[in-house]
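*Asks:* One structure, as structure tokens, below. Some questions next.
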Amino acid sequence: MTLSVLDLFSIGLGPSSSHTVGPMRAARLFARGLADSGRLGEVVRVKAVLFGSLGATGEGHGSDDAVILGLAGLDPETVGADEAPRVVAEAAESGRLRLDGTHAVTFSPEDVVLNGWESLPGHPNGMRLTAYSSEAAAEAAGTGADVDPEEAGVVMSQEYYSVGGGFVVTAEDFSNPADAEPEVPEPYPFASGAELLQRCRESGLSVAGVMHANELTRHSAEEIRTALLDVWAVMRECVENGCSRTEEVLPGVLLAKRRAPGLRRRLREQQAKGDTLDTLWAMEWVNLFALAVNEENASGGRVVTAPTNGAAGIIPAVLHYFDMFRECDDDRVEEFLLTAGAIGTLFKRNASISGAEVGCQGEVGSACSMAAGALCAVLGGAPEQVENAAEIGLEHNLGLTCDPIAGLVQIPCIERNAIASVKAINAARLSLAGDGTHRVSLDEAITTMRDTGRDMMSKYKETSRGGLAVNVAVNLPEC
Ligand code: SF4
């Protein structure tokens, strides 16, 4: 399996890559598949069932709305933050949904079912989409009656898994991962941190250099640069949006306050007065950058999945820190993102970046590790120091559970990104203070994360059935 840095840094709407972007992509693929098969015109209704973690926290993560948007043919990369709620509201009010943007079918919000108590066999984030050629068949399916698919008027049925970071695979591809993605021959293939370091030593290239050479098998140098600078532009836009909002609270029952706009006002006032001698002045800005991104994510704004939406604030916060307090230019931005991407592929390949699979260590831990290694690189670290920084960034997030209160990607997620951003900067500094030799390798830390995730009870894996999600009182609105 080869992974592009551009797969790891995709652009999409919040609040969740696995629970919003992934289901939207899966539903869009399903609608496209119907169109490509030439059978779209037969469909009168579509039903979707979201299982496991998708079902348990789907409401707070907007997974049900994401399915509707995907069925309507909308792409998470390009759909407008204002367009999304309008399309969902129109479908609910009119009782009609334009499949793949063209073919109108009957629709009711009950056609998207959140079933958090059952899971599909392959992954906690499973979903099944079924298209019917008759209303009677669709109604019969809703009763759970055991029916013959042929006789039941099933035009097409497909199971998908949203495996983290917005990546989606069909159940068939999940069972045969070798068939899911054709191998692209790369000049410096690596499947582990040790192999990555070996490629760096053999070639004399940096971590970013190795990743860039591999990327050239998929894209031209100009395409890579343009795409990565676009990613950086969206990260900056996201911070600016998060700092400029006038709404005081985030959407949802928590009524969580937005902190980024007020924090930026205070920091700017201090700056204007020359009151910047606090030794932790830079840390205040790092906190701000992370809060701004994650508040945008929590309110369904446009973010860069880095490598997930829940952890989308860490890499932008650390890159903003470098941009604000060090010498940054387009070359350094490219080096930063390529280094982070190289580290991210190791998590994706050897463990998981899905909170539903391994807990928050897979989301915030991976992002912290990627940011730490990337910062170390642009600060002049050798590949061994980069690997060391990435390891430190992960090691101190091991065991971190996923327990979002009320299923919303707000508490603990938003603040956790700020804390992990500062941790990433510290990891890079610790590494740069050494010579790259260290006791625990990045590969060992990633294996530990994978094993810890396997042992973690499912109530701590994005189900909102454990941890803060059950110990913090929430005043739910009266029905
Ligand atoms: S707790 Fe961590 S893994 Fe879970 S939703 Fe929040 S950021 Fe994502």
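The values are calculated or read from the model by the stated rules, or taken from the named source; none is laboratory data. Just so you know, these numbers come straight off a predicted model, no measurement behind them. Here Cβ is always computed from backbone atoms with ideal geometry, including for glycine, and neighbour counts include all displayed protein chains. Just so you know, the surface numbers come from the protein's heavy atoms only, side chains and all, with ligands and any DNA or RNA stripped out. Shrake-Rupley method; radii C 1.70, N 1.55, O 1.52, S 1.80 Å.
*Asks:* Going by what's in this entry, would THR276 be described as polar (S, T, N, Q) and open to solvent by 10 Å² or more (accessible area, probe 1.4 Å)?
*Replies:* The answer is yes for THR276.
*Asks:* Hey, does region 112-128 have a residue that's of a type outside the set (Phe, Trp, Tyr), on the phi < 0 side of the Ramachandran plot, over 24 Å from the mean Cα position of the chain (by Cα) and open to solvent by less than 70 Å² (accessible area, probe 1.4 Å)?
*Replies:* There is no residue in region 112-128 that is of a type outside the set (Phe, Trp, Tyr), on the phi < 0 side of the Ramachandran plot, over 24 Å from the mean Cα position of the chain (by Cα) and open to solvent by less than 70 Å² (accessible area, probe 1.4 Å).
*Asks:* Failed condition for GLU240, given (1) over 21 Å from ALA317 (Cβ atoms); (2) open to solvent by 60 Å² or more (accessible area, probe 1.4 Å), with all others met?
*Replies:* (1)
*Asks:* Please give the number of the condition ALA194 fails out of (1) out of contact with any Asp or Glu (no Cβ under 7 Å at 6 or more places or on another chain); (2) under 28 Å from ASN350 (Cβ atoms).
*Replies:* (1)
Residue-by-condition table, conditions (1) open to solvent by less than 50 Å² (accessible area, probe 1.4 Å); (2) within 16 Å of the ligand (Cβ to nearest atom); (3) of a type outside the set (Lys, Arg); (4) over 29 Å from GLY242 (Cα atoms):
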position	(1), (2), (3), (4)
GLY22	yes, yes, yes, no
ARG32	no, no, no, yes
ALA35	yes, no, yes, yes
ARG39	no, no, no, yes
VAL44	yes, no, yes, yes
ASP64	yes, no, yes, no
VAL67	yes, no, yes, no
ALA72	yes, no, yes, no
GLU93	no, no, yes, yes
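*Asks:* With the condition kept exactly as written, say whether any residue in region 424-442 is within 16 Å of the ligand (Cβ to nearest atom) and at pLDDT 95 or above.
*Replies:* Checked region 424-442: at least one residue is within 16 Å of the ligand (Cβ to nearest atom) and at pLDDT 95 or above.
*Asks:* What helices (runs of 4 or more DSSP H), lying completely within region 374-479, carry at least 3 residues that are under 17 Å from GLN361 (Cα atoms) and either in contact (Cβ under 8 Å) with a residue 40 or more places away in the chain or open to solvent by 30 Å² or more (accessible area, probe 1.4 Å) (or both)?
*Replies:* In region 374-479, the matching helices (runs of 4 or more DSSP H) lie at 383-395, 413-432, 442-455.
*Asks:* Checking the structure you have, find out if any residue of region 184-205 is within 22 Å of ILE343 (Cα to Cα), open to solvent by less than 40 Å² (accessible area, probe 1.4 Å), touching a strand residue (DSSP E or B) at 6+ places or on another chain (Cβ under 8 Å) and in a helix (DSSP H, G or I).
*Replies:* Taking every residue of region 184-205 in turn, none turns out to be within 22 Å of ILE343 (Cα to Cα), open to solvent by less than 40 Å² (accessible area, probe 1.4 Å), touching a strand residue (DSSP E or B) at 6+ places or on another chain (Cβ under 8 Å) and in a helix (DSSP H, G or I).
*Asks:* Output the residues belonging to region 47-62 that are away from the ligand (no atom under 16 Å from the Cβ) and open to solvent by 10 Å² or more (accessible area, probe 1.4 Å).
*Replies:* Result: LYS47, VAL49, PHE51.
*Asks:* Any residue that is more than 30 Å from ARG465 (Cα to Cα), in contact with a helix residue (DSSP H, G or I) (Cβ under 8 Å, 6 or more places away or on another chain) and touching a residue at least 40 places away in the same chain (Cβ under 8 Å) - is there at least one of those in region 77-88?
*Replies:* Within region 77-88 (the criterion being more than 30 Å from ARG465 (Cα to Cα), in contact with a helix residue (DSSP H, G or I) (Cβ under 8 Å, 6 or more places away or on another chain) and touching a residue at least 40 places away in the same chain (Cβ under 8 Å)), the answer is yes, since at least one residue qualifies.
*Asks:* Further question: Give region 213-233 a look and list any residue that's surrounded by 15 or more Cβ atoms within 10 Å (Cβ to Cβ) and either of a type in the set (A, V, I, L, M) or farther than 30 Å from GLY301 by Cβ (or both), or say none.
*Replies:* ALA213, ASN214, ILE224, ALA227, LEU228, VAL231
*Asks:* Scan region 254-273 residue by residue and report those that are open to solvent by 40 Å² or more (accessible area, probe 1.4 Å) and of a type in the set (Gly, Ala, Ser).
*Replies:* If the condition is that a residue be open to solvent by 40 Å² or more (accessible area, probe 1.4 Å) and of a type in the set (Gly, Ala, Ser), then ALA272 is the only one that fits.
*Asks:* Further question: Any residue in region 391-401 that is more than 15 Å from the ligand (Cβ to nearest atom), at pLDDT 95 or above, among the aliphatic types (A, V, I, L, M) and over 18 Å from the mean Cα position of the chain (by Cα)?
*Replies:* Checking region 391-401: at least one residue is more than 15 Å from the ligand (Cβ to nearest atom), at pLDDT 95 or above, among the aliphatic types (A, V, I, L, M) and over 18 Å from the mean Cα position of the chain (by Cα).
*Asks:* Search region 346-356 for residues being in a helix (DSSP H, G or I) and surrounded by 24 or more Cβ atoms within 10 Å (Cβ to Cβ), and hand back the single one that is farthest from the ligand (Cβ to nearest atom).
*Replies:* Among those residues, the one meeting the criterion is LEU346.
*Asks:* So which residues in region 279-306 are of a type in the set (A, V, I, L, M, F, W, C), surrounded by fewer than 20 Cβ atoms within 10 Å (Cβ to Cβ) and either more than 18 Å from ALA420 (Cβ to Cβ) or within 16 Å of the ligand (Cβ to nearest atom) (or both), if there are any at all?
*Replies:* Residue satisfying the conditions is TRP281 alone.
*Asks:* Also, I was wondering about something else. Could you check region 307-327 and list, in sequence order, the residues that are in a helix (DSSP H, G or I) and open to solvent by 10 Å² or more (accessible area, probe 1.4 Å)?
*Replies:* Matches in region 307-327: HIS320, TYR321, ASP323, MET324, PHE325.
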